[in-house]
Structure formats: structure tokens, C-alpha cells
Amino acid sequence: LVVSGGKSWYDLPEIFNTIGKENFLGIPILVWILIVLCVVGHLLLNNTTYGRKVIAVGGNLKAAKMSGIHVNRVQMSVYIILGVICGIAAIMTISRIGSSWPAMGTSMEFTVIAGVVVGGTSLSGGKGSILGSIVGAFLLGVISNALNLWGIPAEWQDVARGVIIFLAVMLDAAKTRNKKQ
């Protein structure tokens, strides 16, 4: 906000807008970028030592430390990777819309957490998948679209997402409790 003076950016170069508006083999370029990021993320998490360390740190921090994993390095690297991915997502969004404003994306955290939880990721850590998160985000998108089409006010849409998160968390807690017994 300080750097931009609170001003919106528009009239972006046409090459930049191409990313968000063009297709390749009949599929939007944005979908191709999503597919590539998901495949790379899946392979990284499931087929590398680094991925096993990330899952171990997410599942049980104490056990990861005791097994010799440099937890701080793993956490910092995950934050760096996610920062890069957020930058890519911002570029994709701005390219699709054709403009940007300083507060763009504010309060999307709630929606992201909802999609990930609905996709089966445990809030207590150690369980989840990229595919599940994509399915959860897609499902929430379909629900949000339906609520828009039905004319439901935005504040009630947040309530609906909150109820969905609550139910997903309760289901996850019940599964975790049953596994412990």
C-alpha cells in the first residue's frame, strides 16, 4: 500500500495478459501452470528425501528433531517455496483479471484453509495431499459459485464456508480419535 500509494495497476502489457487469457491445446495456460506445479509438488513430496522430511516435520515436530532432521532449515525452505508459489499465483491472478490493486487477495486465507481442510488435510499435521487440496478447493469453488447464483449475500457465504470447515475439522477429529483407540 505504501509503495503503490494505494493505486490500482491496469493497462498491463499484452504479453502479460496473454498468460491469463490464452489456451494451449484447448486448455487455459493457467490450468497448465496449475498442473505443472501440482505434479512437481507431488513428486517432490512423495519421491524425495526432502519431501519425507517435510512430511515428518509437519506430522510430528518433536520426532523429526529427534530423528536428526534440521527442522528450522526444512521449515524455512517450505516458507520460501510457498512464497514463490504465492508469487506465481499472484501473477496468474493479475494476468487473468488484467489489473491489480494493493489489497488484492486479502482475506483469501480463510478460503484456502477451507479448501485444504475439505480436501482431507489434517489441521493437526502429517496428513494430506496436493490432489486432495485441489479437489477441496474445486469443491469450495463450486459451492461458492452456486451460492452466488442463488443470490446468497457474501457474509452468508463466509458462514457457509465456516460451517464446512467446522464439519471437516470435526470429521478429522473423529477419525483421529478412532485411530488412537
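Residues are listed down the side, and each one gets a yes or a no for (1) within 18 Å of the chain's Cα centre (by Cα); (2) open to solvent by less than 90 Å² (accessible area, probe 1.4 Å); (3) on the phi < 0 side of the Ramachandran plot:
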| residue | (1), (2), (3) |
| --- | --- |
| 66 | no, no, yes |
| 105 | yes, yes, no |
| 111 | yes, yes, yes |
| 121 | yes, yes, yes |
| 151 | no, yes, no |
| 158 | yes, yes, yes |
| 167 | no, no, yes |
| 171 | no, no, yes |
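Please indicate, with yes or no, whether at least one residue in segment 153-167 is without any contact (Cβ under 8 Å) to a residue 60 or more places away in the chain, of a type in the set (D, E, K, R), in a helix (DSSP H, G or I) and closer than 27 Å to residue 53 by Cα. Looking through segment 153-167, none of the residues is without any contact (Cβ under 8 Å) to a residue 60 or more places away in the chain, of a type in the set (D, E, K, R), in a helix (DSSP H, G or I) and closer than 27 Å to residue 53 by Cα. Cβ separations smaller than 9 Å between residues 6+ apart or across chains give the following pairs from segment 32-54 residues that are touching a residue at least 40 places away in the same chain (Cβ under 8 Å) and more than 16 Å from residue 73 (Cβ to Cβ) to residues that are charged (D, E, K, R) and surrounded by 13 or more Cβ atoms within 10 Å (Cβ to Cβ): 45/52. Residue 4 meets the conditions (1) of a type in the set (S, T, N, Q); (2) open to solvent by 80 Å² or more (accessible area, probe 1.4 Å); (3) at pLDDT below 90 in every case but one. The failed one is (2). I'd like the full set of residues that are surrounded by 11 or more Cβ atoms within 10 Å (Cβ to Cβ) and polar (S, T, N, Q), limited to segment 123-149. Of everything in segment 123-149, those that are surrounded by 11 or more Cβ atoms within 10 Å (Cβ to Cβ) and polar (S, T, N, Q) turn out to be 124, 129, 133, 144, 148.
Between 136, 83, the distinction of being among the small types (Gly, Ala, Ser) and modelled with pLDDT under 90 belongs to 136 only.
The values are calculated or read from the model by the stated rules, or taken from the named source; none is laboratory data. Owing to the predicted nature of the structure, the values given are computational and were not obtained by experimental measurement. For neighbour counting, all protein chains shown are included, and Cβ atoms are generated from backbone atoms with ideal geometry for every residue, glycine included. Areas reflect the complete protein model, heavy atoms only, side chains present, ligands, DNA and RNA absent. Shrake-Rupley method; radii C 1.70, N 1.55, O 1.52, S 1.80 Å.
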